[in-house]
Structures are given as structure tokens and as C-alpha cells.
Amino acid sequence: MADSSARLPHSAVTEAVDARHWRVLLGALRATFRTPDFATGAAFVARVAEAADAANHHPDVLLRWGQVTVTTSSHDVAGLTQRDVDLAATVSALADDLGLTGEVARSEALEVAIDALDIPAVRPFWKAVLGYEDQPGDDENGIVDSAGVGPNFWFQQMDAPRPQRNRIHLDVTVPHDEAEARVAAAVAAGGRLLSDRRAPAFWVLADAEGNEACVCTWQSRPSS
């Protein structure tokens, strides 16, 4: 009998799953299903939850108006296994029972890439300012949102410096009573506080190579 916990190559997984629904994205299997109304989507989610409990293999499920997105991976091996293939088949069958169709084009995944000359110097800053954790598996350059909500971040090695100011920065919105701790963690991780002039609305920070991020809250700037 094949080992259901063995890590499978992405090509094998792609061939094994229902192409109407599933795609491999950033090391996980993801499918998005169109639903006619919120109640049908909720009913589908309930059936997926029941099947996941029966299989003892639990995906991430996002219910929104008009669609449900299901994402599965095997965290113990930081990849995809037969368990994911089997769960995908079960979810596809449940979708068919409810008359749901797949929307492959909406099964996308966002990853933010940051170019860096010294990855060990800048990676801890982004891990701290985002509140992320190390990416499971072999990729030492990745960090991920433990809640599974935010995009993955990946650090790409640069060969030469780029001295001009970045045209893109990140706004990281946190609970208002967590903001100062997040700023302090980012500074302790090698970042720099560029400005707190608009705090507590936002603080402007940068990593060791000048890539910027703002820690933001719902609070407006206090009146002078």
C-alpha cells in the first residue's frame, strides 16, 4: 500500500485531481466554486467540514458571497500528499452533488517578493512587522501568515544595490493596541523607524536596505 503521507511532486498531483476545479498554487491545492447564494455556500462548507473530519485532514475554507474557496496541503510534510488528492476528489464530488461549478481563474494566490542584497538582514524585519512565521519546508527565504489570510512573502537575492526609493510599500493594519509592540518588534529585528509623525494613525519603518512598510491603525492623528 502506498504511503499516504509521502510528499508528491506537483506534476503528479496535477494529473491526479479534477481539472475542472483544482490547481497547484504555492505548494497547495486550491479550488474555487461558484455558489448561487450564501446559504448554498454555507451548506457546501458544512459538507466539506464533515468530510474533512471523517478524513482527519482539514483544509482552509473561505466562504464569500457567490463563491467558496478550498485550499488543502499537508503541513506535516510541507507539501502535497495523497491525503490532499483524496480530499480534493471528495470535495469535487460534494460540489457536483450541489450543482456547483468551478471557477479556476479565481483560484489565485498572491506572493510578495522582496529583492535584497542581504536576506538574513532584512527577513527578520518583515517577519516581525507582519507578525509572520517561517515558511514550512525547505524554503529558508519564505515567511507566511500563520492565520492563512495574508499573502506569502519571499526574498529574492539581488546582485547589485538599487539606491532609489521604492515606488511600492506595504501598509500593515493591526489592532490599535498592538501597534506599538509591532513597531518595537520590527525595530528590534533590524528595522528603522523613519517617522512617527502621524502616529497613532501610522508609523513609517524600513528594513536594513530601505524597503518601507507602515504599521497602521484605525486611529487618526491626535489633535495638537
Hey, what D do you get for the range 15-136 in µm²/s if you plug the Kirkwood alpha-carbon radius into Stokes-Einstein at 25 °C and 0.890 mPa s?
156 µm²/s
Unit charges at the beta carbon, dipole of the range 10-106: most positive-side option, Phe38, Ser73, Ala52:
Phe38
Output the relative contact order of the chain, whole-number percent, from Cα pairs under 8 angstrom with separation of 6+ residues.
17 percent
Based on DSSP H assignment, which helices of the chain show an axial Cα extent of at least 15 Å together with a mean Kyte-Doolittle hydropathy greater than or equal to 1.0?
none
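Can you pull the Rg over Rh of the range 111-216, Cα-only, Kirkwood?
On the way: Rg = 13.2 Å, Rh = 13.9 Å.
Computed over Cα atoms, the ratio is 0.95.
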Per residue, how many Å² of accessible area does the range 1-160 show with a 1.4 Å probe?
53 Å²
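Mind ordering 171-184, 12-25 by average Cβ neighbours within 10 Å, highest first?
Numbers: 171-184: 15.1, 12-25: 17.1.
My ranking of the peptides, most packed first, is 12-25, 171-184.
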Obtain the nm distance between the two label points defined at Glu103 and Arg198 by a simple spin-label model: each point lies 7 Å from its Cα along the Cα-to-C-beta direction.
3.3 nm
Say each of Val112 and Ala19 gets a label point 7 Å from the Cα, pointing the same way as Cα to Cβ; how far apart are those two points in nm?
3.6 nm
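First compute the accessible area of the chain with a 1.4 Å probe, then give the percent of it belonging to carbon and sulfur atoms. List each step's numbers first, then the result.
On the way: 6420 of 12610 Å².
Result for the chain: 51 percent of the exposed heavy-atom area is carbon or sulfur.
Could you work out the helix-only [θ] at 222 nm for the chain, with each DSSP H run of four or more residues adding -39,500 (n - 2.57) and the total divided by the number of residues, to the nearest 500 deg cm²/dmol? Write out the running numbers ahead of the final one.
Numbers: 5 runs with 63 residues, N = 224.
Counting only the DSSP helices, I get -9000 deg cm²/dmol.
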From the P(r) of the chain, can you give the percent of Cα pairs sitting at distances over 22 Å?
59 percent
Which distance in nm do the two modelled labels at Asp159 and Asp145 give, with both placed 7 Å along the Cα-to-Cβ direction?
3.4 nm
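If you rank Trp65, Trp154, Trp126 by how much accessible surface each has, with a 1.4 Å probe, what is the order from largest down?
On the way: Trp65 180, Trp154 70, Trp126 5 Å².
Final ranking, largest accessible area leading: Trp65, Trp154, Trp126.
When you count, for each residue, the other Cβ atoms within 10 Å and take the mean per peptide, how do 209-215, 26-32 rank with the highest first?
Numbers: 209-215: 20.1, 26-32: 21.7.
Top to bottom by mean Cβ count within 10 Å: 26-32, 209-215.
The values are calculated or read from the model by the stated rules, or taken from the named source; none is laboratory data. Everything numeric here is computed off the predicted structure, so don't read it as measured data. Neighbour counts are summed over all protein chains in view; Cβ atoms, including those assigned to glycine, are modelled from backbone coordinates with ideal geometry. Note: areas computed on protein heavy atoms with side chains; ligands, DNA, RNA excluded. Shrake-Rupley method; radii C 1.70, N 1.55, O 1.52, S 1.80 Å.
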